[in-house]
Amino acid sequence: MKKDAHIALVTGSNRGIGLETCRQLAQQGLTVILTSRDPDHGVEATEKLRKEGLRVVVRPLDVSDRASIGALEEFVAAEFGRLDALINTAAVYLDEGVSVFEVTEELFRESQKKDNFLK
C-alpha cells in the first residue's frame with residue numbers, strides 16, 4: 001500500500017452504498033480499508049475493486065462486537081499509524097424480505113437497540 005495516501009475506513013462496505021463509497025474514495029487516490037462482518041464477502045468485494053486498479057484492503061468487522069472493533073483498531077495502528085477518514089455505512093438488517101410497511105414496532109425497536117450498542 002502507498003504509505004503517503006490518505007487512509008479511509010468504510011464500515012459495512014462489502015455491498016451497496018458502502019462498496020460504492022470504497023470505490024469512489026479509492027478512485028480519488030485514497031487507500032481504503034473495506035470492512036465486512038462476513039470475511040468471504042469482504043474478500044470478494046475487495047478483489048472486485050482491486051481488478052479496477054484500486055488500492056483497497058479488507059478487514060473483518062462486526063460493529064456490534066467490541067473485540068472485533070479492537071482488532072481493527074490494532075490493525076490500523078500497526079499498518080498505517082493513522083486513519084484520515086471514517087465512513088459508517090454498517091447497519092443492522094433485521095427485516096430482510098419484509099416491506100417497510102410491515103415492519104413491526106418490536107422489530108424496529110430491536111434494530112434501534114442494536115444500532116445503539118456502542119452509545
Which numbered condition trips up G12, out of (1) modelled with pLDDT under 95; (2) at positive phi; (3) surrounded by fewer than 22 Cβ atoms within 10 Å (Cβ to Cβ)?
-> (3)
Starting from the range 82-96, take each residue that is within 16 Å of C22 (Cβ to Cβ) and modelled with pLDDT of 95 or more and list its partners that are hydrophobic (A, V, I, L, M, F, W, C) and not in a loop (DSSP other than H, G, I, E, B), counting only C-beta distances under 6 angstrom and pairs at least six apart or across chains.
-> L83/I7; L83/L9; L83/V76; D84/I7; A85/A8; L86/L9; I87/V10
Check whether at least one residue in the range 30-53 is in contact (Cβ under 8 Å) with a residue 60 or more places away in the chain and crowded, with 16+ Cβ neighbours inside 10 Å, and report yes or no.
-> no
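The values are calculated or read from the model by the stated rules, or taken from the named source; none is laboratory data. Note that this is a predicted model, so its numbers are computed, not measured. Neighbour counts are summed over all protein chains in view; Cβ atoms, including those assigned to glycine, are modelled from backbone coordinates with ideal geometry.
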